[in-house]
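A.B. asks: Have a look at this one before I ask anything.
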């Protein structure tokens, strides 16, 4: 019987890394390459550079500034979460992994939960609300290996 393959998604609102293998290959001594994603980062002043318009009041000729109807930063993070879910679903459909552990900054974890399709949710082994995305690779592997979810459940 084939041993289950477990991947780890480490993410925050601006970057993500998929760790495909924690253990080093016994023959080569290396790991599989991680898959790294970076969100298109725009400063808030650029996102909101196009100011909202002005409108006339309903009762007289005075004009008032309109307010933004959404949070552009949250929308940017939501699009990033949706892109990650789409990429992971492609890999799941290709049977590249059997189990997935999501380790994400708490707000990003919520966005990922909303973005994951049902087939991908069914292979999620654990969700951990922790921001490990800024750790160097060696420290990241050590931190993941220290988690209870590092070993795939059979």
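Bear in mind that the values in this text are calculations on the coordinates, not laboratory data. These figures come from a predicted structure and were not determined experimentally. Because the Cβ atoms are built from the backbone with ideal geometry, glycine has one as well, and the counts that use them run over all protein chains shown.
A.B. asks: Given R₀ = 22 Å, FRET efficiency for residue 126-residue 79 by Cβ-Cβ distance, to 0.05?
C.D. replies: Plugging the Cβ-Cβ distance into 1/(1 + (r/R0)^6) gives 0.30.
A.B. asks: Then there is this: Based on other C-beta atoms within 10 Å, arrange 127, 105, 86, 40 from fewest to most.
C.D. replies: Arranged by neighbour count, lowest to highest, 127, 105, 86, 40 become 40, 86, 127, 105.
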